[in-house]
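Notes follow the structure.
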Amino acid sequence: DFWKETRFDINCQAMSVNYPSNIDFGTNIICTNKLNTIKMKNESNSVDIELDLENANIIGDVNNAFTLVDKNKIIIQPSKEVEISVKYNPTKPAIDTALLVIPNNFGIDITIKLNGIGKKLQILSDKTEYEDIPGKVQTITLRLKSDALENPISKLKMVLNYNDKQIMFDANYFEDALKTNWNWDNPDFTLKGQIILSGSGTIQTPINTDLL
């Protein structure tokens, strides 16, 4: 009849992504890279979610320390998880903060706070210049200076370039100034005009001390 009853069901599936609100890169030596992955899970059981990484932005990064590595669009299928990568490369001692903003197909930007601290590590010689006198023996001291880092220094590698036409190094005379908790490898003189010095162990920071 005119008032015939009609019944139907409506299944409304919400769109939702589970992701961290904050990524902390910790303390890093300036001019070194640290890569972090961000896990994102589609909480829906029937709707695809598209992350528009091509149009993602990093806002408030005054020192240009953060980079979104993944640049292509990503589709997260229902109940599935994906990872995207962000790189932190501090270029000066600073506390870096920024916001990663990712557009998507459900109209509410994903916003993740990025944090990192850049610290300075320097390897210096005891003099800024040396006298060039034929036949004169010079002693060069290398010194390590570092701010407080999150973890102890476990490895070091240095490349020293010099004019092999004017300078000769004694490969048998490299004195370890650290003495404890550190081992230097034999100096590598494979290439003319270049010495590679590397070592491993444990150096606590902050520190300002002689290395060699």
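Structural remarks
- Net charge over other residues, Cβ less than 9 angstrom from the Cβ of Asn63 (K, R count +1; D, E count -1): -1
- The chain - percent of accessible surface contributed by carbon and sulfur, probe 1.4 Å: 47 percent
- When the residues Tyr162, Tyr88, Tyr173 are ordered by accessible surface, computed with a 1.4 Å probe over the protein chains alone, the sequence from largest down reads Tyr173, Tyr162, Tyr88.
- Look at [x] 58, 16, 15; [y] 40, 19, 13; [z] 31, 19, 17: the one that is semi-axes √(5λ) of the Cα gyration tensor in Å derived from this structure is [x].
- Proximal charge balance of Phe169 [Cβ under 12 Å; K/R count +1, D/E count -1]: -2
- Calculated Rg and Dmax of the stretch 82-123 using C-alpha coordinates, Å: 14.4, 51
- For the chain, a crude dipole built from +1 on the beta carbon of Lys and Arg and -1 on the beta carbon of Asp and Glu, taken about the Cα centre, is about 340 debye to the nearest 20.
- Stokes-Einstein diffusion for the stretch 128-212 at 25 °C, viscosity 0.890 mPa s, with a Kirkwood radius from C-alpha pairs, works out to 170 µm²/s.
- For a straight C-alpha distance cut-off of 25 angstrom, the lysines reachable from Lys41 (same-chain residues fewer than eight places away being disregarded) are Lys71, Lys73, Lys80, Lys87, Lys113.
- Solvent exposure ordering (accessible area, 1.4 Å, most first) of Ile123, Ile112, Ile75: Ile75, Ile123, Ile112
- For the chain, averaging the sequence separation of C-alpha pairs within contact (under 8 Å, six or more residues apart) and dividing by the residue count gives a relative contact order of 18 percent.
- Positive minus negative residues near Leu144 (Lys, Arg vs Asp, Glu; Cβ under 14 Å): +3
- Counting only protein heavy atoms and using a 1.4 Å probe, the accessible area of Glu129 comes to about 150 Å².
The values are calculated or read from the model by the stated rules, or taken from the named source; none is laboratory data. From a predicted model like this one, the values you see are computed outputs, not experimental measurements. A quick note on method: Cβ atoms are made from the backbone with ideal geometry, for glycine too, and the neighbour counts reach across all protein chains shown. Side chains included, ligands, DNA and RNA excluded: accessible areas come from the protein's heavy atoms. Shrake-Rupley method; radii C 1.70, N 1.55, O 1.52, S 1.80 Å.
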